[in-house]
Each structure stands twice: as C-alpha cells, then as structure tokens.
Amino acid sequence: MFDKYIIDPTTLRNTGPAEAPTGFAFESKLGYYRGLGLSMVEELNVGIDGEVLPREAVRFDEGPGALTLDEMETAFDRRWAFGAPATLYVERAGGFPKGQHKLSLQQKLRISYMPFPSFNNDEKVIDFAG
Amino acid sequence: MTAKIHRGVSLYSFQEEMFLGRMTVEDCVSFAASIGAKGIEVLPEQNMPTFPNLTDAQVEEWKEMVARHGCHFTAYDMFLDTKRRKDRLMSDDEQVESIKRDLLLCNRLGIRNMRVLVFVRPDILGRCVPYAEEMDVHMGVEVHAPWHLEHAWILRTIEEADRLNTKHLGILPDMGIFMKHYPPAFRARFERQGARPEVAQFIVDQHEAKIMCEYTIYEVAVKMGGNKAEIAMAETLRHAPYANPKRIGDYVPYFRHIQAKFYEMNEDCTDPAIAYDEVIPELVKAGWEGTLSSEYEGNRWIQDVHEVDSREQVRRQHVMFERLIADAETKFGAKEQA
C-alpha cells in the first residue's frame, strides 16, 4: 500500500572511511498501515542493479541501535512505528557504486491475520556521487 | 427527533497523508470536526508511536486533544500478533493476555467499542468476555470481505455471544461487504498495469451479473489467456461480495459501530461501488444506533498517478451520509432516543 515510498533515495550515503567505504546506508519506512514488532520483519532484501546482497550484510536501526536480521527475530520489545524512518546499514566493500544505479528493497513481513507473507517492493534509480 | 446514526471517521482514512508526514493525528481530528464527523476511531498501533506503552499523561493528552476539537472517541482497532514468534504461534493464554492488554488500554482511553480482527477465534474471545464486561468494552468482530454477515465463521461469534448471554461480544460490520458494483478505481489501476480494456470490461460485467468469482477467474486466466494484471484483477473478485443489505437489520443487537469502507467517491458525492443507498435505509428502519465511521481505502489504488486527497474523499462521503440518513428518516421516521 506504500511500496513506492519505502526507500528514501535522498538519504543514501556511504559508510566507513571516505576514501575506502565499507558499506552504505539509507532510510526506509515500513510499508504497512500500522507499526510492527521487529520480530515480524522477516527479510529486508537490499539489491543493487537487480543483484540481492547477502542477508548477513544488512543491519537495521529504528533508533536504539543496529541489529542484524537474525537479532531482529527475537527483538520482542522493539517496534518499527508507522510512518517512521529507520536506517538500513549495508556492508559492501567500496560502498554504493558511483553513477546511475538501481537500489531496490523488498520487505517481507509476517502479518498474523494474513494467510501468506506480505511483500513490499520498491526500487529507485539513483545518480550517486559517492 | 434525535438522530440515532452518528457520523465519524477512522484515522485509517488519512493513512497516506500521515505516512508521508503531511498530516498529524490532530490535523485529522480537526478536519473530522470541520465536517461534523465528531466520532473518532483510532488505531493505536498506527497512531500511538509508543504502543503498547502509554503513560497516564499520554492517555490524558489524547483525551484532551480529541475533546479540544469537540470530538469523542468511538472505537479502538486492535491487532493480535499470533505470529509474533517465528518458531511457533501464540498460545491460547498468550492470545487472551494480548487481547486483555488492548481492552485495558481501550478502557483507559474511555473507548467503549473495540474492533476485533476477523481471524480471532470465537472461543478465545469467549474467554475474554468477563474482562470486556469489567472494562465495559464491546468486542466487535470485524465482518470484512470476503466474509459477510451470514458467513459461518461470523455466525460462530454470534453463537458465542448468545451462549454467554453477553452484550460485550458481537460484530462490527465493514461496509466493503456490500460491494454492489466493481470499483472504477480498481479497474483503472489494473488497466494502467496492462489489463486490456475488453478484458477489464468482461470482469466488471461478470461482477455486475454476480457470477461466482471462480468462473470468471478461470475464464480470464485460462480461456482468455489473461496477463498478470488481468488475472490479478479477476482475483479481486474473491474479495468483492455483495451481501444482502436487507439482512443487516437482523444483526442490529450485535453491533454498535460500522466501518464505512469506501474506495472512491464521485464528484456528486455518490459512491460508485458500495451500496450505501441500500444499507443506510435498512439501518434507519431497524432503529440502529451507532456510528458510521469513514474508512477510506482508495489511496493505494490511485497513488501511482494522482496525489491522494483523503480529506476531499471523506468530505464527499459525509455529504452522502447526511443525504441518505435524512432521506431514510423522512421515509421511515427517526426513532426517538430511549
């Protein structure tokens, strides 16, 4: 219902030393009409130009500190609030590639009242200066 | 004569603007007041960022904010995260505890109606009835498409309420069950996604003729070689029931609140899809007292091409409500308040 808004392309930045970035980060909102406990966020699949990066490369922080997706599974006291941006940190040697590239995100959510998982998909073409 | 049908809005209606940070909850309440829709339905898991933890001070701030605009709370939409853990479903005891948590917060906010998700088991709700009675909160199971008023699953909740002889368990109809015509906003979106106009027209015609959805889905997917958008459009028919409006009066003892679902209003303030013109007279005739609470769900169907203006959509729906309620009261006579 909010797929097209879940990546905020204006927040993309590299992380680590400027001369040798170790990854990149950007802000995302939960594509859902209410907030959700972090234990129900099953996957945050980040991709560059169609290639999905490893699950282990992604960490998530809605404020109190970054967690891996494995750690989120038991973060029962933390929630991703409705409409609230969280930061996704992605490990990738060299950071996000310079020039025009496609950043994609798929959120896979476990919504209790639905018979199947819920997927939210967004992709943004970004001209990245580094 | 005192109007028995009250008008209100669910904050769900403004999800697009709130998600994008263009409206605050107070903006929504202020707007509702401006169109005379004084009943406010709240989704704590959407509108209260610290949920489930609310201090007494936060509860008072909410009550004061709503009162400042001359409004009042009507309903609390609960959720139940039975799949909170990856390794197992919530136990029955955990489900009861979660529902009690919501009943307590509902009571603290001074709200007397709780919208219960339709998938919650009637026997679990039965176990919550003593606490709902203590909190004086009516648990209304949302009758949401593709379920409908006389679906066997819904009747189980009615039976449970009768068995326990309680006024604190019942239903909460979502008007999406009265989809008489296929929503033009759905069709337009599927056409933008690649549905051929003639196939879209076929699907609309099949819905108009009330042909059981599986025939249409097979025709489109197999015989017509439907593309992805066409098959997806045909599959929406599984969630597009037109329940008989004449039956809603039979269920009046079991509900006190209605989620007035809609997808798009015409400029002349008529609804092209949902049969409010048939449902509202039945509610007036039955002497139902409660709130028609706007639930605008059109944003997701138009946001790819249009700016979403939830306020204008809700405003139009309330012009329609005023007209239909007045017409029905003229016809049947508004019943005096007890």
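Looking only at other chains, what is the average number of their beta-carbon atoms within 10 angstrom of each beta-carbon in A:104-112?
Values: counts 0, 0, 0, 0, 0, 1, 6, 3, 11.
Mean partner-chain Cβ count within 10 Å for A:104-112: 2.
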Would you calculate a helix-derived [θ] at 222 nm for chain B, using -39,500 (n - 2.57) for each DSSP H run of n ≥ 4 and dividing by the full residue count, to the nearest 500?
-13000 deg cm²/dmol
Log entry: pair-distance distribution for segment A:7-60, C-alpha pairs binned every 5 Å from zero, whole % per bin is 4, 14, 22, 27, 19, 9, 4, 1, 0
Any idea how far apart B:Glu289 and B:Arg101 come out in nm if each label point goes 7 Å out from Cα toward Cβ?
3.5
Averaged over B:77-84, how many beta carbons belonging to a partner chain fall within 10 Å of each residue's beta carbon?
5
Which distance in nm do the two modelled labels at B:Arg88 and A:Gln100 give, with both placed 7 Å along the Cα-to-Cβ direction?
5.4
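Given axes a ≥ b ≥ c from the Cα gyration tensor, I'd like to know whether chain B is rounded (a/c under 1.5), prolate (a/b larger than b/c) or oblate. Kindly include the intermediate steps, with their values, before the conclusion.
Working: a/c = 1.41, a/b = 1.31, b/c = 1.08.
Note, shape of chain B comes out rounded.
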Among A:Asp77, A:Asp61, A:Asp49, determine the one that fluctuates most according to a GNM of chain A built with springs between C-alpha atoms less than 10 Å apart.
A:Asp77
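What does the charge add up to near B:Glu160, with Lys and Arg as +1, Asp and Glu as -1, over the other residues with Cβ less than 11 Å from its Cβ? Write out the running numbers ahead of the final one.
Numbers: positive: B:Arg121, B:Arg127, B:Arg156, B:Arg163; negative: B:Asp123, B:Glu159, B:Asp162.
Counting the neighbours of B:Glu160, the net charge comes to +1.
Taking a ≥ b ≥ c as the square roots of the Cα gyration tensor eigenvalues, with a/c under 1.5 meaning rounded and otherwise prolate when a/b beats b/c, else oblate, which class fits segment B:81-154?
Since a/c reaches 1.5 but b/c is at least a/b, the shape of segment B:81-154 is classed as oblate.
Rounded to the nearest 5, what % of DSSP beta bridges with both residues in the protein assembly as shown are antiparallel? Write out the running numbers ahead of the final one.
Values: 41 of 71 bridges.
Approximately 60 percent, going by the DSSP bridge assignments.
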Calculated SAXS-style log₁₀ I(q)/I(0) at q = 0.23, 0.30 Å⁻¹ - segment B:187-238, Debye, Cα scatterers
-0.73, -1.24
Expected sort for B:97-108, B:257-268 on mean C-beta neighbours within 10 Å, highest first, is B:257-268, B:97-108
Let me have the 222 nm mean residue ellipticity of chain A computed from DSSP H runs of 4+ only, each contributing -39500 (n - 2.57), with the sum over all residues rounded to the nearest 500.
-500 deg cm²/dmol
Using the 10 angstrom Cβ neighbour count as an exposure proxy, how do A:Glu56, B:Glu282 rank, fewest first?
A:Glu56, B:Glu282
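Go through B:Lys4/B:Lys210; A:Lys124/B:Lys261; B:Lys4/B:Lys246; B:Lys63/B:Lys100; B:Lys180/B:Lys223; B:Lys4/B:Lys261 and tell me which ones have a Cα-Cα distance over 29 Å in this structure.
Values: B:Lys4/B:Lys210 33 Å; A:Lys124/B:Lys261 32 Å; B:Lys4/B:Lys246 19 Å; B:Lys63/B:Lys100 21 Å; B:Lys180/B:Lys223 26 Å; B:Lys4/B:Lys261 20 Å.
Violating the 29 Å Cα-Cα cut-off are B:Lys4/B:Lys210; A:Lys124/B:Lys261.
Could you compute the net charge surrounding A:Gln106? Neighbours are other residues with a C-beta less than 12 Å from the C-beta of A:Gln106; K and R count +1, D and E count -1. Write out the running numbers ahead of the final one.
Numbers: positive: A:Arg55, A:Lys108; negative: A:Asp3, A:Glu42, A:Glu43, A:Asp122, A:Glu123.
After counting each charged neighbour, the total is -3.
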Work from the charge dipole of chain A (Cβ charges, +1 for Lys and Arg, -1 for Asp and Glu, about the Cα centre) and give the residue of A:Gly63, A:Phe2, A:Val52 farthest towards its positive end.
A:Phe2
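Mind ranking B:221-227, A:15-21 by how tightly packed they are, going by the mean number of other C-beta atoms within 10 angstrom, highest first?
Put in order of decreasing packing, that is B:221-227, A:15-21.
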Would you mind counting up the charge near B:Glu295? Only other residues with Cβ under 12 Å from its Cβ, with Lys and Arg at +1 and Asp and Glu at -1.
-3
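First check a/c for segment B:203-331, with a ≥ b ≥ c the square roots of the eigenvalues of its C-alpha gyration tensor; if it is under 1.5, answer rounded, and if not, answer prolate when a/b is larger than b/c or oblate otherwise. It would help to have the intermediate numbers written out before the result.
Numbers: a/c = 2.58, a/b = 1.52, b/c = 1.70.
It is oblate, given that a/c is not under 1.5 and a/b is not larger than b/c.
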At a Förster distance of 60 Å, what's the computed FRET efficiency of B:Asn244 paired with A:Asp127, Cβ-Cβ distance as r, to 0.05?
0.60
State the Cα centre-to-centre distance between segment B:152-198 and segment B:303-333 in whole Å.
19
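Normalised by the residues of chain B, what does the relative contact order come to in percent, with Cα pairs under 8 Å and at least six apart?
The value is 21 percent.
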Gap in Å between the Cα centre of segment B:47-103 and the Cα centre of segment A:20-91?
24
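Can you put B:Val308, B:Val116 in order, fewest other beta carbons within 10 Å first?
Working: B:Val308 21, B:Val116 27.
The order, fewest Cβ neighbours first, is B:Val308, B:Val116.
Over all directions, the average projected area of the alpha-carbon convex hull for segment A:3-128 comes to how many nm²?
Working: hull surface 30.0 nm².
For segment A:3-128, averaging the hull's shadow over all directions gives 7.5 nm².
Can you pull out the trypsin sites (Lys or Arg not before Pro) in segment B:60-95 whose DSSP state is coil and whose Cβ has at most 12 other Cβ atoms within 10 Å?
Passing sites in segment B:60-95 are B:Lys86, B:Arg88.
Computed from the coordinates by the stated procedures, all read-outs in this text should not be read as laboratory data. All values reported here derive from a predicted model rather than from experimental measurement. Neighbour counts are summed over all protein chains in view; Cβ atoms, including those assigned to glycine, are modelled from backbone coordinates with ideal geometry.
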